[in-house]
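Since the structure comes first, as structure tokens, the remarks are kept for the end.
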Amino acid sequence: MQASIFGVGHWAPERRLTNQDLEKMVDTNDEWITTRTGIKERRILEEEKGVSHMCVRAGRQALERAGIGPDTIELIIVATVTPDMPVPATAALAQRELGAGACWGFDINGGCAGFLCALAVGAQFIESGRHRHVLVIGADKMSAVLDYTDRNTCVLFGDAAGAVVLGPDPTDETGIEDFRMRLDGEGAAFLYMTGGGSLHPATRETVDQRMHFVRQDGRTVFKKAVNGMTGASSDLLADNGVSPADLRLLIPHQANLRIIDAVSKKLGLREDQVMVNIEKYGNTTAATIPMAMSEAWEEKRMRRGDRLLLSAFGAGFTWGSLLLTWGMEGPGDSGGIKDL
Ligand code: COA
């Protein structure tokens, strides 16, 4: 039995941080940010709220669209690199606020590829027949770990959450078909946040040395991302006998428009086959793919039975691609798990 997506939702805070706002904070300008990244603005969550606030709102919308209540969820997986706190897991905080009942759950740290990791894991519990309803959330409050004096990173990221409900499709016509995920720890030197873990617990020194902020070697990450996402996607398509022309949509991780363009071109995809919303949100780390998926569904860019390719690259390095056949009816149409 394949694991199919029967509900999708997203949530982003109201507050906008535009390129013009950033011009007043660091030595940058709208033209540089737009041409180098494609980003125009990002959303910023209130300081006193944690990532679970966004998880709950995206999760609720996904559940509503799936037509099921929180009490039927058996497993919650949250992909995030910015949990509310190190302990307990954000999944626990989301479970409490959602009012989910007899379920279990945990967090996954897969960087910008976290949502794909969580989706691949969640799908196994449906395929094995162990669970019927799994809630998979990708969410990050990147504003909590950004150094707003570092123009190399602060212009790139924003805050948001996206979520999907996975369930079995008894017809086996839709669902997650296959994935290729990879991990290469050599990447740890190029994208990291060193402070606050067991190696460098928070001290006055780690704060003074600004170790609680994300740092990266942008050029290296860029090249590795293009190669990693293209390679995983080509292998996955070839192994499953799917040609790029068969795809309705590529929903890529939204880190940089130039990365998305390069990957799309290498795969031979037309512009209308690629979902892009980076201009509105920037890189929201684990949230980009479910957010873009939710907006694509709202815009009626895919229907039940359409082939989709998801692809992401992030810290680790962790990267990969996932191939699926879309299971939801369009907005306004009847659908959801209960109708099957
Ligand atoms: N505004 C203006 N200038 C900036 C800038 C900013 N916000 N950020 C960097 N620059 C400068 C650099 O200092 C550099 O100046 P120098 O040549 O005098 O040293 C110059 O712009 C070019 O920097 P470079 O790093 O070569 O630019 P780039 O074309 O590679 O773009 C990134 C930089 C970060 C946008 C790009 O490398 C990128 O997106 N990488 C992937 C990052 C990513 O996605 N990370 C998340 C994990 S998936």
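The values are calculated or read from the model by the stated rules, or taken from the named source; none is laboratory data. It should be emphasised that the depicted structure is a prediction, and the values quoted were computed from it without experimental measurement. Glycine gets a Cβ as well: all are built from the backbone with ideal geometry, and neighbour counts include every protein chain shown. SASA here: full protein model, heavy atoms, side chains in, ligands and nucleic acids out. Shrake-Rupley method; radii C 1.70, N 1.55, O 1.52, S 1.80 Å.
Just a few scattered comments:
- Angle between the chain longest axis and helix 114-127 axis [Cα atoms, degrees, rounded to 10]: 20
- Estimated translational D of the chain in µm²/s (Stokes, Kirkwood radius over Cα pairs; 10 °C; 1.306 mPa s): 80
- Under 5 Å between amide hydrogens, built in the peptide plane, is the criterion, and for Phe313 it picks out His253 among residues at least 5 positions away or on other chains.
- Loop-resident sites, the range 141-229, for GluC sites (Glu not before Pro), counting at most 14 other Cβ within 10 Å (DSSP): Glu173
- Arg258 accessible area, assembled protein chains, probe 1.4 Å, Å²: 100
- Ranking Glu47, Glu295, Glu97, Glu329 by solvent-accessible area of protein heavy atoms (1.4 Å probe, all protein chains present), from largest to smallest, gives Glu47, Glu97, Glu329, Glu295.
- Coarse-grained scattering of the range 101-172 at q = 0.13 Å⁻¹, given as base-10 log I(q)/I(0) from a Debye sum over alpha-carbon atoms: -0.50
- When nucleic acids and ligands are ignored and a 1.4 Å probe is applied, His133 ends up with an accessible area of around 20 Å².
- Estimated D of the range 248-340 in µm² per second, where Rh is the Kirkwood radius over Cα pairs and Stokes-Einstein applies at 4 °C, 1.567 mPa s: 93
- Across the range 290-295, coupling constants 3J(HN,Hα) worked out from phi with the 6.51/-1.76/1.60 Karplus curve, θ = phi - 60°, read x, 5, 5, 5, 5, 5 Hz, and Gly and Pro carry x.
- Heavy atoms of Ile260: accessible area, 1.4 Å probe, square angstrom to 10: 0
- Among beta bridges from DSSP that stay inside the chain, the antiparallel ones total about 70%.
- Rounded Å value of the spacing that divides the Cα centres of the range 272-295 and the range 1-78: 9
- Under a Gaussian network description of the chain, with springs only between Cα atoms under 10 Å, the residue in Trp104, Trp32, Trp319 that fluctuates furthest is Trp32.
- C-alpha long axis of helix 257-267 to longest principal axis of the chain, angle in °: 40
- Around the amide H of Ile108, modelled in the peptide plane, lie the amide H atoms of Val78, Ala79, Thr80, all under 5 Å away and 5 or more residues distant in sequence or on another chain.
- P(r) of the range 66-187 over all Cα-Cα pairs, binned every 5 Å from zero, in whole percent: 2, 10, 19, 20, 19, 13, 8, 5, 3, 1, 0
- Residues with amide H under 5 Å from that of Leu247, placed H, sequence gap 5 or more: none
- Ranking Lys24, Lys224 from most to least accessible surface, computed with a 1.4 Å probe over the protein chains only, gives Lys24, Lys224.
- GNM on the chain, alpha-carbon springs under 10 angstrom: the most fluctuating residue among Thr18, Thr288, Thr80 is Thr18.
- Think of each Lys and Arg Cβ as +1 and each Asp and Glu Cβ as -1; about the Cα centre, that makes the dipole of the range 85-181 roughly 300 debye.
- Ranked by solvent-accessible area (1.4 Å probe, protein heavy atoms only, all chains present), the residues Arg204, Arg36 order from largest to smallest as Arg204, Arg36.
- A Gaussian network model of the chain, with springs between Cα atoms under 10 Å, assigns the largest mean-square fluctuation among Thr203, Thr28, Thr285 to Thr203.
- Derived scalar couplings ³J(HN,Hα) [the range 153-166; Karplus, 6.51 cos²θ - 1.76 cosθ + 1.60; whole Hz; x for Gly, Pro]: 10, 5, 7, 8, 10, x, 10, 4, 9, x, 8, 9, 9, 9
- Total formal charge among the other residues, if their Cβ is under 9 angstrom from that of Leu322, Lys/Arg +1 and Asp/Glu -1: -1
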